[in-house]
Structure formats: C-alpha cells, structure tokens
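Readers should treat all values here as calculations from the given coordinates under stated rules, not as data from a laboratory. A quick note: this is a predicted structure, and the numbers were derived from the prediction, not measured. Please note: Cβ atoms are built from the backbone with ideal geometry, for glycine as well, and neighbour counts cover all protein chains shown.
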Amino acid sequence: GEDVEQSLFLSVREGDSSVINCTYTDSSSTYLYWYKQEPGAGLQLLTYIFSNMDMKQDQRLTVLLNKKDKHLSLRIADTQTGDSAIYFCAESPGDKLIFGTGTRLQVFP
Amino acid sequence: EAQVTQNPRYLITVTGKKLTVTCSQNMNHEYMSWYRQDPGLGLRQIYYSMNVEVTDKGDVPEGYKVSRKEKRNFPLILESPSPNQTSLYFCASRPADREETQYFGPGTRLLVL
C-alpha cells in the first residue's frame, strides 16, 4: 500500500545541520518531494528529486535518495530560526501526491 | 503574480449547513486537486481534476463534492458538513505534464460545530 512515514519532531541548535528522514513505499514515483509549511501558511515546495538520482543539492539543502531502502532525507546546513516549520515529504504514484505526516523542526538559539 | 487563491480562509459553520470553498488559479493549469490536513495524518487527497469536466476521487472523498466547469476554478462543496470535516483544506494546481511543479493555495481552516 501507499504509506509515507516521518518522525514527528526534530529540535536543533541554530547553526547546526538538520536531517529530516522519510520512508516511502511506492517505488513507481517519478519524483519525490520536500515541502515546507510555516505556521499559518500553505505548503511551499522546497525541492524535489527525480527518482533515478541519488542526491540533489540546492544551496543549503541536500536531498539524498536511497531507492533500495525507499529512504529519502533532507539535510539543511547551517540551520536558522527561519527554518522552523513543518516539513513534509511526498511521493507521487500516478496523479496524486502522498504526503507523510510531517516533521516539526524547531530551531533554538 | 502566479497564484492559487482560496476563499474563505477561515469558516465556522454548523452541522448540516451546506458550504462551498472556492479555489481559483491564474496559471492556466489543467490539473487541480483538494487536500485536507489533519494532525498526525499529513495531507490526504479528497478529489482531483485532470481538466475541465474531468474529476475523480482521491483517498478521502466521502462527504465532499467538486465541479470543474471552468479551467481556473475548482470549488469544494460540503453538502451536509459534519464535525469530522473540521480540518485545514488546501487546493493545488499544476500543468498536466509538469508533475513536479505543484502550487498550493494558502489553506482554508474549517470548523464544523
């Protein structure tokens, strides 16, 4: 079945790196995504990775994809207080997005 | 500015009183969809539409209706709202051939008493 799992909370110190992990089940997804939701706001597409790639880097963001283990991770370098938000991973089998439950990232000074 | 708009942003209603949440996009996207977000469950798809007059059920369609009479609009209709439909609702759109480019609206927070 379709299921995307994430841990619920992550707390990091400002300036450290954050790593948010996600496992998914559907290997037919063409793309895998990371979305960010700030308090009271909608979803913002942070980055995505094509399923035949292992890694994608975009400024402070690094996405790693392990297709064998169906594991996706998002690393945020030099985490700032403005990175505090809920982060959702999503897979895309067919015409819809399947979201994880979201990881709430809290950045403390 | 390219955007997806939803109205209203906040709504409190009572059980059984029909309501409509509107969604509009100005990007000429073919694909539109509705999601609900609940704590601990992430976002779940309610309905989606591949183009005008083409709609299909998502994972949690019960209690909802949609229509797609025009390309830009995709309203979500709750004919007889119930308290378990209290949630945060998001509309999204994307081009038919650009799966990786999905835009989300700002959300509609609904409370059904």
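Before moving on, here are some points about what is shown:
- Those strands (runs of 3 or more DSSP E) of segment A:42-109 in which at least 1 residues are under 14 Å from the mean Cα position of the chain (by Cα) and within 11 Å of chain B (Cβ to nearest Cβ), considering only elements entirely within it, cover A:43-50, A:85-91, A:103-108.
- Residue-level check: of (1) farther than 18 Å from B:Q45 by Cα; (2) part of a strand (DSSP E or B); (3) within 13 Å of chain B (Cβ to nearest Cβ), A:V19 misses just (3).
- Looking only at residues in segment B:40-66 that are assigned to a loop (DSSP other than H, G, I, E, B) and in contact with a strand residue (DSSP E or B) (Cβ under 7 Å, 6 or more places away or on another chain), the one that is farthest from the other protein chains (Cβ to nearest Cβ) is B:G63.
- Taken over segment A:29-80, the residue count meeting the criterion of being surrounded by 14 or more Cβ atoms within 10 Å (Cβ to Cβ) and either of a type in the set (F, W, Y) or in contact with a His (Cβ under 7 Å, 6 or more places away or on another chain) (or both) is 5.
- Qualifying residues in segment B:67-95 (those that are among the small types (G, A, S) and under 26 Å from A:G40 (Cβ atoms)) - the one farthest from the other protein chains (Cβ to nearest Cβ): B:S82
- Selection status of B:L110, within 23 Å of A:G100 (Cβ to Cβ), surrounded by 14 or more Cβ atoms within 10 Å (Cβ to Cβ) and away from chain A (no Cβ under 14 Å): yes
- Neighbours by Cβ (under 6 Å, 6+ apart or cross-chain): first from segment A:58-79, over 22 Å from A:D16 (Cα atoms); second in a loop (DSSP other than H, G, I, E, B) and aromatic (F, W, Y): A:K70/A:Y24
- A:S27 vs. criteria in a loop (DSSP other than H, G, I, E, B), more than 10 Å from chain B (Cβ to nearest Cβ) and free of Cβ contacts under 8 Å to residues at least 60 places away in the same chain: yes
- In the condition set (1) over 29 Å from B:A2 (Cβ atoms); (2) away from every other protein chain (no Cβ under 13 Å); (3) among the hydroxyl-bearing types (S, T, Y), A:S7 is compliant with all but (2).
- Subset of segment B:67-110 (residues that are part of a loop (DSSP other than H, G, I, E, B) and among the β-branched types (V, I, T)): B:T86, B:T101
- Residue list for segment A:81-109, restricted to those being surrounded by fewer than 19 Cβ atoms within 10 Å (Cβ to Cβ), under 17 Å from B:D59 (Cα atoms) and not charged (D, E, K, R): A:P93, A:G94
- Members of segment B:1-24 found to be away from every other protein chain (no Cβ under 13 Å) and in a strand (DSSP E or B), listed by number: B:N7, B:L11, B:I12, B:T13, B:L19, B:T20, B:V21, B:T22, B:S24
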